[in-house]
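Accompanying notes for the structure given below.
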Amino acid sequence: MQETEYQCTKVKLDFRERINFAISEFGYNSIYIWITAFMAIFFTDYIGVAATSVSLLMLVVRIFDAINDPIIGSLADRTRSKWGRYRPWVAIGGMVMSLLIILLFAAQPTWPMSVKVGWMWVIYILITVASTACNMPYGALNGVITSDTEERTKLSVIRMVFATIGSNFTNLIAATLILLLSDTNQTANSARGYSLAVIVSVIIGLPTIIWSAVKSKERVQPPPEQMKKGAKIPLGKQMKCLFGNKYALICLFGQFMVGFLAYGRMTIMAYYFTYYAGNFELYSVTGIVGIATGIIGSGLVCPWLYRRFRHKGYALTIGVRIIGSFLPSDFLVCSTADNVLDFLCTVQPFSDSCKRVAL
């Protein structure tokens, strides 16, 4: 059957266009890493909020995120604008997320405890919505730039390299920035140091998100009947299909466990270097190791693993990731495995297979 124009746009991308798309991951991850790695220690040690309150917030927001994600995804899929379906979400979501993260770290230790806790809960929930509104449509953007499978795979490779460089760039400079910008004559960290360091990260990272949204091109359009008003599949029916499919649930559980290990490790790392290693500035080492393993994992191992094992490579990497959690050198092993997993989850053939399983 001959494919129509809206079904097939097999464009071969040049290197510049791949960079224009992938560079958003640098900005997003260099900004959002402040939430995953530094929010907990900021509120417990510098603002004075109880660790139980911070932990409960993170648990509640993760549950909320499971509901929030499909809603944002459904809205983005049906967006119609002269800028496309997904690019407006990436740009606006990135700007709102960045502003909210600045506000989150603007909390002051002198505020009443009720204000501190309320500020943390409200702003963090809003950040979760804004980050989803930016990053989920960005993930979908990968599939509408071209319908060529090989090109989509190349986009995924470059995207994950930039994602790793972005988060670990912040890890590399965060400790030094916080100390330099603290009002303690560079003798200790302070809430002010965190607040100003976040602003610096936003100034560096946000322009790359906007640049990607402006420069990327949405070429692949959905069939006209899919965009009709009555063509919408109710969210309840989508959830019923999801929870009625054991293979999709296995994938979800695997991702949950990997996420639990990865995000837990990132949150604990700041406490580890502060209280166990006794020198928070050593946190910069994680940035160096992370960038190296990111290039190795996403740029070198991932393409070979996918070509060699296809979807079995996903299961293999999960095994390596879990085993690495129990090894003394778990940071190096897990960092490499995390980048491999991120790549395999964004490669279009794997994504397509997951969609077929879910449906």
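Looking at the range 47-114, which trypsin sites (Lys or Arg not before Pro) are in a loop (DSSP not H, G, I, E or B) and have at most 11 other Cβ atoms within 10 Å?
Working: sites: ARG62, ARG78, ARG80, LYS82, ARG85; in loops: ARG78, ARG80, LYS82, ARG85.
Hits after loop and neighbour filter: ARG80, LYS82.
How many angstrom lie between the Cα centre of the range 122-182 and the Cα centre of the range 79-115?
Centre-to-centre (Cα) distance: 14 Å.
In the structure displayed, which of LYS154/LYS217; LYS217/LYS237; LYS10/LYS154 lie more than 20 Å apart, Cα to Cα? Before the final figure, lay out each step's value.
Values: LYS154/LYS217 16 Å; LYS217/LYS237 32 Å; LYS10/LYS154 14 Å.
LYS217/LYS237, as the Cα separations exceed 20 Å there.
Values in this text are rule-based calculations from the coordinates and carry no lab data. Quick caveat: nothing in here was measured; it's all calculated off a predicted structure. Neighbour counts run over all protein chains shown; Cβ positions are idealised from the backbone, glycine included.
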